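Heads up, the thing below is written out as structure tokens.
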Amino acid sequence: MKKLLALLTVIAVTALSLCGCEGAYEYAELNLEGEYTRELAGTQLNVYNWGEYISDGSDGMLDVNKEFEKLTGIKVNYATFESNETMYSQIKSGGVSYDIIIPSDYMIQRLIREDLLQKIDTSSLSNYHYISDEYKGLYFDTQEEYTVPYNVGMVGIIYNKTLVEEDIEHSWEVLWDKKYENMALNFNNPRDAFMTAQMILGQDLNTDNKSDWDKAADLLKKGKKNLQSYAMDEVYGKMETGEAAIAPYYAGDYLTMYETNSDLAFFYPEEGTNVFIDSVCIPSGALNYEAAVMYINFLLEPEIALANAEYIGYASPHTAVINNQDYYYYGNEILYPKKEDTPKVQYYHDISPEIRSYYEQLWLDVKLY
């Protein structure tokens, strides 16, 4: 239903429609505000992004990469990753040169410290003014030199109302509840998985105290036997089909899953949660910087930002999207909760290499336990 309504919105705004021949994509009549050149036509732009994280033409929606290719003549090579850590390994190894990546805040902080990002001339981005001041100059890029905010989110608990008790406790502890043994999931990445335990323990998510990490690891071990599995993108299939009953995941992805299975519900745990900002960056090894800057400005076009926001289902930092009353998620209380309903939140920060190595080893211990 969401994507059908989103399609109608895109049709109204961009005159996008499906071609009569099956599987074909008909380009939109876009009303662009920026200026785009074809001087780089024939070159390639390598983009590395999260899965399910850009409007891709499915269900008749706007295909952002195809539209950019048509506009500029630049070929977009698009690849996806499941976690910040996977993305980091690829960038660090230098095996493939990417021109665009979209990491999260704490990983951006690490990439900057390790000279793995290059500065973006935001003065050349005619659409940069659409980014809300609330998301500019944050701790990971105080001078607004390396990043352009893309999406905002918080982590919560997704559950199936037909498989769990009606009065489910709004706490991270439900993942440890024996009532949901072999029906609960947890994150298959260390930072988010540790967060679920750290919140229960009342810890600082960025603690440099090894004993804190030890306690969180012990709690994860205690809860492991309760889990069906650890999961990342697999959570979609497991929750949408009812194979699993309860899982922590990102609020925007819950809204996507809900469209497939309306038995799903969501809450932010009372102990608090992680808030994150994913931003567009240009790696230091990028081979097509000018094309990357043009692509970023294209992502900031109001019509493109709206299409992405409606497809992805995350909160947008883009004021033209937030204030658009035709936006499918306009005023959505999960993405844009009222101040009194906003949970306590903490950002992840990049942690010292010593502590990072320590918790990564603990995570291996948890997985092998």
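Tabulated data for the structure shown
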| read-out | value |
| --- | --- |
| TYR135 at pLDDT 95 or above, among the aromatic types (Phe, Trp, Tyr), under 23 Å from GLU310 (Cβ atoms) and in contact with a strand residue (DSSP E or B) (Cβ under 6 Å, 6 or more places away or on another chain) | yes |
| Evaluation of ILE282 against (1) modelled with pLDDT of 95 or more; (2) assigned to a loop (DSSP other than H, G, I, E, B) (one fails), failing number | (2) |
| So LYS75, is it out of contact with any helix residue (DSSP H, G or I) (no Cβ under 8 Å at 6 or more places or on another chain) and more than 30 Å from GLU360 (Cα to Cα) | no |
| Options ASP204, ASP192, ASP214; residue that is on the phi < 0 side of the Ramachandran plot, touching a residue at least 24 places away in the same chain (Cβ under 8 Å), surrounded by 15 or more Cβ atoms within 10 Å (Cβ to Cβ) and of a type in the set (Asp, Glu) | ASP192 |
| Neighbours by Cβ (under 7 Å, 6+ apart or cross-chain): first from the range 115-130, assigned by TED's automatic domain parsing to the domain that holds VAL293 and part of a helix (DSSP H, G or I); second surrounded by fewer than 18 Cβ atoms within 10 Å (Cβ to Cβ) and among the β-branched types (Val, Ile, Thr) | TYR130/THR319 |
| Per-region count, the range 314-327, residues closer than 20 Å to TYR249 by Cβ and either of a type in the set (Phe, Trp, Tyr) or not in a loop (DSSP other than H, G, I, E, B) (or both) | 2 |
| Meets criteria (among the basic types (Lys, Arg), farther than 16 Å from TRP363 by Cα, outside the structural domain of GLU85 (by TED's automatic domain parsing) and not in a loop (DSSP other than H, G, I, E, B)) for LYS179 | yes |
| Matching entry among TYR311, TYR348, TYR336, TYR295 (being of a type outside the set (Asp, Glu), in contact with a strand residue (DSSP E or B) (Cβ under 9 Å, 6 or more places away or on another chain), part of a loop (DSSP other than H, G, I, E, B) and surrounded by 20 or more Cβ atoms within 10 Å (Cβ to Cβ)) | TYR348 |
| Helices (runs of 4 or more DSSP H) within the range 1-93 that include 1 or more residues of a type outside the set (Val, Ile, Thr), modelled with pLDDT under 95 and under 18 Å from the mean Cα position of the chain (by Cα) | 84-93 |
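Table: residues versus (1) touching a residue at least 60 places away in the same chain (Cβ under 8 Å); (2) within 23 Å of PHE68 (Cβ to Cβ).
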| site | (1), (2) |
| --- | --- |
| PRO302 | yes, yes |
| ALA305 | yes, yes |
| GLU310 | yes, yes |
| GLY313 | yes, yes |
| ASN324 | no, yes |
| TYR328 | yes, yes |
| GLY331 | no, no |
| ILE334 | yes, no |
| GLU340 | no, no |
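The values are calculated or read from the model by the stated rules, or taken from the named source; none is laboratory data. Note that the coordinates shown come from a computational prediction; the quantities given were computed from them, not determined experimentally. Quick reminder, even Gly has a Cβ in these numbers, built from the backbone with ideal geometry, and neighbours come from all protein chains shown.
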